[in-house]
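Before any comments, here is the structure.
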Amino acid sequence: MKALKYIFLLFLGAQLVSACSDDFLEESNPNKISNETFWKTEDHAKTALTSLYGALSMNYNYGVFEYIYMPENWRSDEFLHNDAGYPGWGTLASFTNNANVGEISSYYDNCYSLVSKANQCIANIPSCKMNQETEQADKALIDRYVAEAKFFRAYAYFRLLKNFRNPPFVTKEVTSEEELQPVQVDRSEIWKLVSEDLTFAIAHLPSKADRNDGGATSGAAAAYLASVYMHQQEYSKALSLLRQLVEGKYGTYDLVDNYKENFNGVNENNIESVFEIQYGISPKKNKTTHTLEATFGWWGCGLATPWMLNTMQASKDLEGNEDPRTQGSLYTQEAGYENWLQKWNMDGSLDGDGRYCENNLVPMRYAEILLFYAEALGENDTKDISLAYKYINKVRERNNLSQLNAGDQKKFRKDIMNERLLEFCFEGKRWYDLVRWDQAGWINIKDVLKAHNKPGADNFNPAKHTYYPIPDYEYDTNPNLKRELQW
């Protein structure tokens with residue numbers, strides 16, 4: 001693994017420098033970080049866990065936009081590529097890419113950087129001294145910190161499973177050169193680890209009521225485990241977790257009154273937020289900021305497809321006005337800019353023009369719990385379709401939309417697909433919904449892309465384009481990997 005290799009070689013180089021020194025001539029620096037001086041205290045454990053949160057923000061260049069957000073969105077029928085200066089993005093959006101698009105390599109490396117950091121935490125935090133009053137309290141705190149690391153390992157592998165057909169599998173801290181060449185396993189084995197990690201996290205992380213710093217919680221772990229089950233069509237397992245979330249077992253969640261407040265920075269870590277990526281308060285580049293507002297609201301790199309714009313504008317509230325989700329996501333009131341994105345337009349941006357924004361990004365919010373719950377109810381047992389509409393309509397009520405009436409399974413699935421499309425537009429959900437609905441037999445992805453006039457739809461080959469290719473450099477450096485397809 002390239003990302004793991006860099007970490008290991010850095011460690012190895014430090015050891016070699018140390019080994020070549022004359023101990024009797026050179027005093028060791030007690031403040032220098034090494035495995036001998038680190039992993040001793042609770043502060044060390046906290047510092048290591050902080051690095052996991054840092055990896056989420058990808059605080060370099062245009063970070064989270066280029067290397068996380070767009071790879072998760074370009075393929076969907078929502079998005080239209082609109083930047084000739086970045087032709088690699090265009091190949092992703094039109095299903096003409098090869099295995100060497102830099103943004104995909106960076107996405108892949110970021111996932112394994114998270115895995116590597118989490119594995120180190122899981123291996124070493126149990127040796128840190130917590131200095132609690134009792135051994136039992138020490139154990140509880142260690143379990144909490146290990147649970148946080150396992151949450152992130154599961155989060156990273158979940159992203160890998162959704163984006164790469166057969167990702168290599170690394171489950172422990174890399175301490176030797178041989179371990180830099182991991183093997184591939186059946187996807188079911190990775191799904192199993194993800195489920196186990198999240199189950200542990202549910203049991204040992206604090207609830208939202210007991211944590212207000214934006215960190216991982218038992219509710220976030222339960223929500224992601226439910227999502228894992230939904231992606232595998234294990235509806236009964238998902239249903240149990242989703243019911244617990246709706247009933248408040250992991251803390252109180254609800255919908256905020258104003259849809260836009262989930263994105264514009266004025267009400268962060270709110271009651272709807274289940275898991276939120278935290279950004280700092282500096283408006284300067286490389287200071288934990290992101291550029292989603294500039295990318296869309298200023299540069300227009302990605303636009304809504306005509307089909308997506310028409311679908312959103314067709315959704316009206318009870319007074320005949322545009323669906324608030326359309327108003328909060330697109331510049332539909334601005335002539336000539338109707339399909340330009342504004343979902344992360346930050347109200348009162350500190351730098352005056354919004355080019356570098358510190359508003360948080362929310363990859364999991366309560367609206368998704370409600371719509372997943374509705375979907376799981378109807379798919380687990382068609383007798384519960386009528387009950388499922390209670391939760392679909394709760395999401396619609398927030399936006400002053402009319403109530404939907406229950407129908408047969410065909411209508412139910414159509415309503416679920418449409419509601420998720422509108423509620424989570426441009427949030428990195430749509431492509432993965434299409435994949436899981438295709439795998440569940442609801443739709444055929446290529447037919448949907450063609451029907452919605454997605455540019456490049458004719459190029460889509462499910463064997464090649466359902467998942468991204470593992471970067472070529474991985475095959476060049478790891479003989480244990482088996483190339484799936486020629487790109």
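The values are calculated or read from the model by the stated rules, or taken from the named source; none is laboratory data. This structure is a prediction, so every number in the text was calculated from the model and none was measured. No Cβ is skipped: glycine too gets one built from the backbone with ideal geometry, and neighbour counts run over all protein chains shown. All accessible areas refer to the heavy atoms of the entire protein, side chains included, with ligands and DNA or RNA removed. Shrake-Rupley method; radii C 1.70, N 1.55, O 1.52, S 1.80 Å.
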(request) For Thr305, enumerate residues with amide H under 5 Å from its amide H, sequence gap 5+ or separate chain, H modeled in the peptide plane. (result) Phe79, Leu80
(message) Among Tyr468, Tyr391, Trp442, which residue has its Cα furthest toward the positive end of the charge dipole of the chain, with +1 on Lys/Arg Cβ and -1 on Asp/Glu Cβ?
(response) Trp442
(request) Would you mind checking the pairs Lys150/Lys394; Lys208/Lys414; Lys343/Lys450; Lys139/Lys260 and listing those with alpha carbons more than 31 angstrom apart? (result) Lys150/Lys394; Lys208/Lys414; Lys139/Lys260
(request) Just grab the label-to-label distance for Asn461 and Glu196, each label 7 Å out from Cα along the Cβ direction, in nm (one decimal). (result) 3.6 nm
(request) Give the long-range amide H neighbours of Leu330: residues separated by 5 or more places, or on another chain, with amide H under 5 Å away, using H modelled in the peptide plane at 1.01 Å from N. (result) Gln342
(request) Could you tell me which of Asn163, Asn110, Val174 has its Cα farthest along the dipole of the range 62-201 towards the positive end, charges placed at Cβ (Lys, Arg +1; Asp, Glu -1), taken about the Cα centre? (result) Asn163
(request) Using a 1.4 Å probe and ignoring any ligands, DNA or RNA, find the accessible area of Ser105 and quote it in Å² to the nearest 10. (result) 20 Å²
(message) How far apart, in nanometres, would the label points at Lys450 and Gln244 be if each is projected 7 angstrom from Cα along the Cα-to-Cβ direction?
(response) 4.4 nm
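Residue separation times 0.36 nm, minus the C-alpha to C-alpha distance between Asn100 and Ile271: what's the value? Please list the in-between numbers first.
Values: separation 171, 0.36 × 171 = 61.56 nm, distance 4.07 nm.
Extending this stretch completely gives an extra 57.5 nm.
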(request) Taking the chain as the reference, fit the longest principal axis to its C-alpha atoms, fit the long axis of helix 385-398 to the helix C-alpha atoms, and give the angle between the two in degrees, 0 to 90, nearest 10. (result) 90 degrees
(request) Starting at the first residue of the range 109-117, write each ³J(HN,Hα) from the Karplus equation 6.51 cos²θ - 1.76 cosθ + 1.60 with θ = phi - 60°, in whole Hz, x for Gly and Pro. (result) 5, 4, 4, 6, 5, 4, 4, 4, 4
(request) Per DSSP H run of n ≥ 4, the term is -39500 (n - 2.57); total these for the chain, divide by its residue number, and report the mean residue ellipticity at 222 nm rounded to 500 deg cm²/dmol. (result) -14500 deg cm²/dmol
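Say R0 is 51 Å: what FRET efficiency, to the nearest 0.05, do Leu404 and Lys139 get from their beta-carbon distance?
Values: r = 49 Å, r/R0 = 0.96.
Efficiency computed from Cβ-Cβ geometry: 0.55.
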(message) So for the range 328-487, averaging the separation of alpha carbon pairs under 8 Å that are six or more residues apart and normalising by length, what relative contact order in percent results?
(response) 11 percent
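Given a Förster distance of 56 Å, report the FRET efficiency between Lys414 and Lys46 from their Cβ-Cβ distance, rounded to the nearest 0.05. Can you show the working numbers first?
Working: r = 48 Å, r/R0 = 0.85.
After rounding to 0.05, the efficiency reads 0.70.
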(request) Could you work out how far apart the two model spin labels at Thr171 and Val185 are, taking each label as a point 7 Å from the Cα in the direction of the beta carbon, and quote it in nm? (result) 0.3 nm
(request) For the chain, give the share of DSSP beta bridges that are antiparallel, in percent and rounded to the nearest 5; count only bridges with both residues there. (result) 85 percent
(request) Report which label in (1) 82, 52, 49; (2) 109, 44, 43; (3) 64, 54, 43 holds the value of Cα extents along the principal axes in Å derived from the coordinates of this structure. (result) (1)
(message) Suppose R0 equals 35 Å. What FRET efficiency, 1/(1 + (r/R0)^6) with r the Cβ-Cβ distance, do Leu387 and Asn212 give to the nearest 0.05?
(response) 0.60
(message) Could you work out the relative contact order of the chain? I mean the mean sequence separation of Cα pairs under 8 Å and 6+ apart, divided by the number of residues, in percent.
(response) 20 percent
(request) Tell me which residues come under 5 Å, amide H to amide H, from Met364 once H is placed; ignore anything under 5 positions away on its chain. (result) Val274, Phe275
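Mind checking the dipole of the chain: about its Cα centre, +1 per Lys or Arg Cβ, -1 per Asp or Glu Cβ, Debye to the nearest 20?
On the way: 51 positive and 67 negative charges, 224 e Å.
About 1080 debye.
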(message) If the reach is capped at under 19 angstrom between alpha carbons, list the aspartates and glutamates near Lys464, excluding any in the same chain fewer than eight residues apart.
(response) Glu72, Asp77, Glu103, Asp186, Asp433, Asp438, Asp447, Asp472, Glu474, Glu484
(request) Apply the Karplus parameterisation 6.51 cos²θ - 1.76 cosθ + 1.60, with θ equal to phi minus 60°, to every residue of the range 51-57 and state each ³J(HN,Hα) to the nearest whole Hz, in sequence, with x for glycine and proline. (result) 5, 5, 5, x, 5, 5, 7
(request) May I ask you to evaluate 6.51 cos²θ - 1.76 cosθ + 1.60, the Karplus curve with θ = phi - 60°, for each residue of the range 420-434 and list the ³J(HN,Hα) values in order in whole Hz, giving x for glycine and proline? (result) 5, 4, 6, 5, 10, 3, 6, 10, x, 9, 4, 4, 6, 5, 4
(message) Full-extension gain between Glu397 and Gln313, please, as 0.36 nm times their residue separation minus the C-alpha to C-alpha distance.
(response) 28.5 nm
